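S.K.: Input: one structure, supplied below.
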Amino acid sequence: MKELIYHRQFLPAIGTFAGKTAVIDGAYQASFESHGDRVLRLADAMAKELGLGPGDRFAVMAVNGHEYLELYHAAYLGAGVINPLNLRLAGKELEYIVRDSGTEVVFVDRNFAQVFHDAMAASDDPSPIRRVVLIGEGEGPCDSRYEDLIRAATPVVPAEPEEEDPVVLMYTGGTTGLPKGVLVTQRAEILNCYHVGLVLQRFDSSEVTLLQTPIFHAASMVSLLATTGAGGVQVMIPMFEPGAVIDLIERHEVTLTMMVPTMIAMMVNHPDFAPERIRSLESLTYGASPMPAVLLDKLLAMLPDLQLNQGYGMTESSSVLTFLGPDHHRPGDPKLRSVGRPVPGVELSIQDDTGKLLPTGETGEVCAKGGNFMTEYWKKPETTEETFRGGWYHTGDAGYLDDDGFLFLVDRVKDMIITGGENVYSVEVENAISSHPAVEQVAVIGIPHELWGEQVHAVVVRSSRATAPRPRSSSTPGCRSPATRCRSRWSSGTSRCRSLAR
């Protein structure tokens with residue numbers, strides 16, 4: 001029997017929890033029975049009305065909502081391969097993704113119907129789109145409406161896909177070039193859910209999950225699948241807004257959510273925030289960027305019983321490689337600087353630029369193996385082969401493993417700043433600067449310099465509730481590179497800049 005397909009989670013949940021609430025999306029609520037009926041009708045309409053087959057790509061450009069959840073679940077039942085479009089895409093990028101993916105059917109909401117239409121109309125080439133379906137109320141350029149399709153369809157369970165059948169084609173941007181399509185199978189996505197479930201030891205019918213990361217992002221995948229599959233409640237918010245998030249957590253007694261550190265900072269700094277309003281929250285997973293030490297200390301002080309987890313991964317891994325659990329989210333714990341250990345089923349190695357495995361403690365490129373990886377970069381066989389050279393997925397991140405198997409990230413391999421012949425890892429400088437109470441956000445980049453090749457440049461957003469002294473215009477003694485303009489020391493025997501923010 002095939003196990004690593006979504007039929008095995010979705011259909012039993014619909015039957016077991018038929019009368020229980022499955023989805024809360026503003027004023028809209030649906031039981032498991034109702035949600036299942038709509039998903040099966042949608043899958044039927046996609047085949048009979050829209051002419052989509054199991055391997056055909058369909059795109060979605062919309063804010064979070066129950067319709068988006070239904071489209072994902074229909075795709076995972078074999079109705080097609082979902083191509084979720086980043087809402088921040090420029091017109092040219094949007095057109096490129098649609099043409100590159102071979103998408104012919106797109107679902108849009110009123111917020112993005114005109115944006116999508118204009119992006120496709122700007123090209124001199126004929127549009128490949130044959131059907132545009134408008135989600136929800138409102139007006140916009142379209143050929144049919146989402147609710148009309150569902151009403152006219154029959155709730156029929158689609159034929160089971162194979163474990164190796166593709167289910168998601170998610171485009172991911174890089175530092176250069178056009179976006180790359182990441183093709184992921186049923187097997188990889190379901191394995192990712194199992195991996196995360198084993199680590200978090202959560203997801204049952206008592207779970208109330210708030211989905212506030214964008215559904216087009218890989219960080220949302222576990223919540224989209226595991227919450228419903230386990231019989232839990234999926235609470236949705238169209239787009240992140242800190243005051244609304246606080247209200248939803250309090251009103252629906254949310255137990256679990258995923259945020260990036262910037263979202264957490266915006267929530268706890270919101271004028272309506274009070275720790276008691278989010279007391280129901282039992283588990284908070286964060287990722288996508290480092291957690292500033294000051295923010296972490298503040299969070300732990302306000303909510304000492306909150307289980308904090310840091311996840312590290314990427315779209316290509318469906319999306320999780322490592323987790324740092326609650327046991328190490330304590331002030332002063334040396335593991336807090338890490339992103340944790342690999343999840344079950346994932347193996348990590350650190351390699352140099354020749355593919356040689358490096359010993360514990362030595363910095364190189366982070367590489368990984370596991371069953372949760374993509375099949376390919378869509379229509380890019382050479383890029384796929386290069387990324388998986390030597391049988392390992394090459395992440396492009398620089399880092400090292402300690403004696404306990406914890407992964408410490410240092411920087412992006414391609415983003416390392418080389419100034420005066422010395423390697424400067426921007427993440428380390430960012431971590432130091434972010435520890436200053438006057439700093440809200442910081443990004444460190446390398447900019448050209450005639451003498452040093454590159455100089456370290458920090459872009460800082462100052463906290464609205466703090467003041468900061470004017471930066472010094474002269475170089476600070478103790479730093480080998482006057483161009484860095486930072487108060488820094490160089491650790492013995494390493495080329496890494498250990499900046500000390502004051």
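S.K.: Output the residues belonging to the stretch 390-417 that are at pLDDT 95 or above and outside any strand (DSSP E or B).
M.R.: Gly390, Gly391, Trp392, Asp402, Asp403, Asp404, Gly405, Phe406
S.K.: Could you run through the stretch 341-392 and say how many residues are surrounded by fewer than 19 Cβ atoms within 10 Å (Cβ to Cβ), among the β-branched types (Val, Ile, Thr) and more than 23 Å from the chain's Cα centre (by Cα)?
M.R.: So the answer is 2.
S.K.: Which one of these is within 20 Å of Glu189 (Cα to Cα) and modelled with pLDDT of 95 or more: Thr227, Thr255?
M.R.: Thr227
S.K.: Which residue pairs have Cβ atoms under 6 Å apart, sit 6 or more places apart or on different chains, and have a first residue in the stretch 455-469 that is under 14 Å from Ser434 (Cα atoms) and a second that is at pLDDT below 85 and among the polar types (S, T, N, Q)?
M.R.: Val461/Gln441
S.K.: In the stretch 8-24, what count of residues is obtained for those that are within 17 Å of Leu69 (Cβ to Cβ) and either modelled with pLDDT under 95 or in a helix (DSSP H, G or I) (or both)? Spell out how you get there, then give the answer.
M.R.: From the stretch 8-24, those within 17 Å of Leu69 (Cβ to Cβ) are 9-11, 13-14, 17, 20-24; that's our starting set.
Checking the rest, the ones that are also either modelled with pLDDT under 95 or in a helix (DSSP H, G or I) (or both) come to 9-11, 13-14.
Looking only at that region, the number is 5.
S.K.: In this structure, does His270 turn out to be without any contact (Cβ under 8 Å) to a residue 60 or more places away in the chain, surrounded by fewer than 17 Cβ atoms within 10 Å (Cβ to Cβ) and farther than 30 Å from Cys367 by Cα? I'd like the intermediate steps shown before the answer.
M.R.: Numbers: without any contact (Cβ under 8 Å) to a residue 60 or more places away in the chain: yes; surrounded by fewer than 17 Cβ atoms within 10 Å (Cβ to Cβ): yes; farther than 30 Å from Cys367 by Cα: yes.
So His270 passes the test.
S.K.: Related question: Which residue, of Lys20, Lys2, is surrounded by fewer than 24 Cβ atoms within 10 Å (Cβ to Cβ), over 24 Å from Thr185 (Cα atoms), out of contact with any Ser or Thr (no Cβ under 6 Å at 6 or more places or on another chain) and in contact (Cβ under 8 Å) with a residue 12 or more places away in the chain?
M.R.: Only one candidate qualifies: Lys20.
S.K.: Next question. Going residue by residue through the stretch 66-85, is there one that turns out to be farther than 24 Å from Thr315 by Cα and either of a type in the set (S, T, N, Q) or crowded, with 23+ Cβ neighbours inside 10 Å (or both)? I'd like the intermediate steps shown before the answer.
M.R.: Keep residues of the stretch 66-85 that are farther than 24 Å from Thr315 by Cα, which gives none.
The answer is no, given that none of the residues of the stretch 66-85 is farther than 24 Å from Thr315 by Cα and either of a type in the set (S, T, N, Q) or crowded, with 23+ Cβ neighbours inside 10 Å (or both).
S.K.: Next question. Residues of the stretch 1-29 being more than 22 Å from Ala159 (Cβ to Cβ) and either touching a Gly at 6+ places or on another chain (Cβ under 9 Å) or among the hydroxyl-bearing types (Ser, Thr, Tyr) (or both), which ones? Can you show your working first?
M.R.: Taking the stretch 1-29 first, the residues more than 22 Å from Ala159 (Cβ to Cβ) are 16-29.
If the condition is that a residue be more than 22 Å from Ala159 (Cβ to Cβ) and either touching a Gly at 6+ places or on another chain (Cβ under 9 Å) or among the hydroxyl-bearing types (Ser, Thr, Tyr) (or both), then Thr16, Phe17, Ala18, Lys20, Thr21, Ala22, Asp25, Gly26, Tyr28 are the ones that fit.
S.K.: I'd like to check something: does the stretch 315-326 contain any residue that is outside the structural domain of Met170 (by TED's automatic domain parsing), free of Cβ contacts under 8 Å to residues at least 40 places away in the same chain and of a type outside the set (Val, Ile, Thr)? Show your work before the answer.
M.R.: Pass one, the stretch 315-326, residues outside the structural domain of Met170 (by TED's automatic domain parsing): 315-326.
Next, only the ones that are free of Cβ contacts under 8 Å to residues at least 40 places away in the same chain stay: 326.
Restricting the remaining residues to those that are of a type outside the set (Val, Ile, Thr) gives 326.
Yes, the conditions are met somewhere in the stretch 315-326.
S.K.: Going through the stretch 88-119 one residue at a time, which ones are assigned to a loop (DSSP other than H, G, I, E, B) and surrounded by 17 or more Cβ atoms within 10 Å (Cβ to Cβ)?
M.R.: Filtering the stretch 88-119 down to residues assigned to a loop (DSSP other than H, G, I, E, B) leaves 88-90, 102-104, 110-112.
Matches in the stretch 88-119: Leu89, Thr103, Glu104, Asn111, Phe112.
S.K.: Within the bounds of the stretch 64-75, is there any residue that is more than 15 Å from Val167 (Cα to Cα), free of Cβ contacts under 8 Å to residues at least 40 places away in the same chain and in a helix (DSSP H, G or I)?
M.R.: no
S.K.: Here's a follow-up. Could you count how many residues in the stretch 120-146 are under 22 Å from Leu42 (Cα atoms), surrounded by 14 or more Cβ atoms within 10 Å (Cβ to Cβ) and without any contact (Cβ under 8 Å) to a residue 60 or more places away in the chain? Let's see the steps before the verdict.
M.R.: Initial filter on the stretch 120-146 (under 22 Å from Leu42 (Cα atoms)): 129-146.
This time we only want the ones that are surrounded by 14 or more Cβ atoms within 10 Å (Cβ to Cβ), so: 129, 131-136, 140-142, 144-146.
Now drop any that are not without any contact (Cβ under 8 Å) to a residue 60 or more places away in the chain, which leaves 129, 132, 134, 140-142, 145.
Adding up the residues that qualify gives 7.
S.K.: I've got another one for you. Filter the stretch 123-139 for residues that are of a type in the set (Gly, Ala, Ser) and over 21 Å from Leu69 (Cα atoms) and give the result.
M.R.: First pass over the stretch 123-139, keeping only residues of a type in the set (Gly, Ala, Ser): 123, 127, 136, 138.
Answer for the stretch 123-139, where residues must be of a type in the set (Gly, Ala, Ser) and over 21 Å from Leu69 (Cα atoms): Ser123, Ser127.
S.K.: Just give me the residues in the stretch 25-56 being within 28 Å of the chain's Cα centre (by Cα), in a loop (DSSP other than H, G, I, E, B) and charged (D, E, K, R), in sequence order.
M.R.: Filtering the stretch 25-56 down to residues within 28 Å of the chain's Cα centre (by Cα) leaves 25-32, 35-36, 38-40, 42-43, 46, 52-56.
Those left that are additionally in a loop (DSSP other than H, G, I, E, B): 26-27, 52-56.
Scanning the stretch 25-56 gives a single hit, Asp56.
S.K.: Any idea which residue in the stretch 363-387 is nearest to Val81 (Cα to Cα), counting only those that are part of a strand (DSSP E or B) and of a type in the set (Asp, Glu)? Walk me through how you get there before you give the answer.
M.R.: Filtering the stretch 363-387 down to residues part of a strand (DSSP E or B) leaves 364-369, 376-377.
Those still in the list that are of a type in the set (Asp, Glu) too: 365, 376.
On the way: Glu365: 32, Glu376: 14 Å.
Applying the filter and picking the extreme gives Glu376.
S.K.: Same structure again: Could you go through the stretch 296-308 and let me know if any residue there is closer than 25 Å to Ala432 by Cβ, charged (D, E, K, R) and surrounded by fewer than 21 Cβ atoms within 10 Å (Cβ to Cβ). Steps first, please.
M.R.: First, pick out the residues of the stretch 296-308 that are closer than 25 Å to Ala432 by Cβ: 296-302, 308.
Among the residues that remain, those that are also charged (D, E, K, R) are: 297-298.
Within this subset, residues satisfying the condition of being surrounded by fewer than 21 Cβ atoms within 10 Å (Cβ to Cβ) are 297-298.
Yes, because at least one residue in the stretch 296-308 is closer than 25 Å to Ala432 by Cβ, charged (D, E, K, R) and surrounded by fewer than 21 Cβ atoms within 10 Å (Cβ to Cβ).
S.K.: Quickly run through the stretch 420-470 and pick out the residues that are part of a strand (DSSP E or B), modelled with pLDDT under 75, surrounded by 14 or more Cβ atoms within 10 Å (Cβ to Cβ) and not β-branched (Val, Ile, Thr).
M.R.: Going through the stretch 420-470, the residues part of a strand (DSSP E or B) turn out to be 422-424, 439-449, 453-462.
Then drop every residue that is not modelled with pLDDT under 75, which leaves 422-424, 448-449, 453-454.
Now narrow it down to the ones that are surrounded by 14 or more Cβ atoms within 10 Å (Cβ to Cβ): 422-424, 449, 453-454.
Result: Glu422, Asn423, His449, Gly453, Glu454.
S.K.: Filter the stretch 146-194 for residues that are of a type in the set (Gly, Ala, Ser) and part of a helix (DSSP H, G or I); which is nearest to Val39 (Cα to Cα)? Full working, then the answer.
M.R.: Taking the stretch 146-194 and keeping what is of a type in the set (Gly, Ala, Ser), we get 152-153, 159, 173-174, 177, 181, 188.
Now restrict to residues that are part of a helix (DSSP H, G or I): 152, 188.
On the way: Ala152: 13, Ala188: 22 Å.
That would be Ala152.
S.K.: Going by the conditions given, is Ser283 surrounded by 21 or more Cβ atoms within 10 Å (Cβ to Cβ), among the hydroxyl-bearing types (Ser, Thr, Tyr) and touching a residue at least 40 places away in the same chain (Cβ under 8 Å)? Full working, then the answer.
M.R.: Working: surrounded by 21 or more Cβ atoms within 10 Å (Cβ to Cβ): no; among the hydroxyl-bearing types (Ser, Thr, Tyr): yes; touching a residue at least 40 places away in the same chain (Cβ under 8 Å): yes.
It is false that Ser283 is surrounded by 21 or more Cβ atoms within 10 Å (Cβ to Cβ), among the hydroxyl-bearing types (Ser, Thr, Tyr) and touching a residue at least 40 places away in the same chain (Cβ under 8 Å).
The values are calculated or read from the model by the stated rules, or taken from the named source; none is laboratory data. These numbers come from a predicted model, not from an experiment. Ideal geometry is used to build each Cβ from the backbone, glycine not excepted, and the neighbour counts take in all protein chains shown.
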